[in-house]
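Structure first, then comments.
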Amino acid sequence: MPKITPTVKNSKKPKEIKIDIGNYNPKPKVKRKIVKLKDKEIRVIKANDKTLSYRIRFGENKSKILQLSPKGRTLIKKYPELIDFISKHFFNHSQAKDYFLNNSKLDLKLSLIYKNGLNHKKLLKLDVYFKKEKKNHVYFFKESENILANKEFMANQVFQKFGIKTIKPHFAFTDLVKRENVICYDFSNLRTFNEAIESDYITNKERDEINKKINNIKSFLELPVRKYPKKGIIDYTNVTNIFVKKVNGKIELYFTDLAVW
């Protein structure tokens with residue numbers, strides 16, 4: 001009688017793909033207060049006892065809006081020449097020229113990355129060397145075409161309130177009359193979701209799991225925004241607006257270029 005070899009089942013479970021979008025909190029504790037500074041009012045917003053942003057309206061009919069993260073506020077207080085440098089060169093930046101500043105505290109270089117994209121007029125990179133700290137840092141500046149910087153900053157702030165990971169903006173300026181606007185982020189140097197797919201940085205299975213995670217969060221990301229009950233956050237599912245980072249066996253997602261619509 002022939003010997004029958006028993007079939008051995010592979011009991012090893014497939015490796016779980018962990019997708020990290022942050023620590024989602026459906027009911028954040030949000031506090032707003034107004035601080036008087038000479039003839040200006042600073043609106044401070046906190047979520048879960050953590051300061052998210054500072055907002056100042058000024059100019060004729062308060063048509064100019066300045067928004068700062070805590071890090072942005074610290075930088076501008078410590079290095080006011082940053083604002084002078086950006087104000088002087090950003091809107092007049094030509095494609096062929098880089099701009100520089102060298103003083104006792106900073107080395108700055110402002111250079112063009114891209115001009116006249118789908119939703120922006122220009123993208124610029126600011127290389128900074130902090131002399132006292134002996135540290136380099138790179139910032140990313142954008143002038144938008146359709147979505148003004150104040151709305152982009154606000155949308156990012158909504159995500160932060162709910163504990164969702166973002167590439168955080170540190171500075172945004174909007175002139176509602178001239179329609180001039182600029183927003184500043186840390187230069188992340190991460191792959192977008194689209195780039196991660198095309199370069200095989202992530203597998204097809206990881207791509208599918210990321211898509212599931214994005215679809216799962218749609219219900220709570222289509223959020224009404226205070227004072228705009230019929231509006232919500234858009235562009236968070238755009239594959240070019242999601243950055244991907246692999247760390248410690250999981251995939252972290254960071255959202256950016258968001259907007260209130």
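Miscellaneous remarks
- Ranking by accessible area, most exposed first, for Glu60, Glu81, Glu209 with a 1.4 Å probe: Glu60, Glu209, Glu81
- Dimensionless Rg over Rh [region 16-106; C-alpha; Kirkwood]: 1.10
- In this rough spin-label picture, where each label sits 7 Å from Cα along the Cβ direction, the Asp107-Asn238 distance is 3.5 nm.
- Per DSSP, loop trypsin sites (Lys or Arg not before Pro) in region 125-215 with at most 15 further Cβ within 10 Å: Lys131, Lys132, Lys134, Lys178, Arg179
- The length gained by stretching the chain between Leu190 and Asn25 to full extension, at 0.36 nm per residue less their Cα-Cα distance, is 56.9 nm.
- Sequence-distant lysines (8 or more away, or on other chains) whose Cα lies within less than 27 Å of Lys121: Lys62, Lys64, Lys71, Lys88, Lys97, Lys109, Lys142, Lys151, Lys165, Lys168, Lys178, Lys231
The values are calculated or read from the model by the stated rules, or taken from the named source; none is laboratory data. Since the structure is predicted, the reported quantities are computational estimates derived from the model, not experimental observations. Glycine also receives a Cβ, built like all others from the backbone with ideal geometry; neighbour counts cover every protein chain displayed. These accessible areas exclude ligands, DNA and RNA; they are computed on the full protein's heavy atoms, side chains included. Shrake-Rupley method; radii C 1.70, N 1.55, O 1.52, S 1.80 Å.
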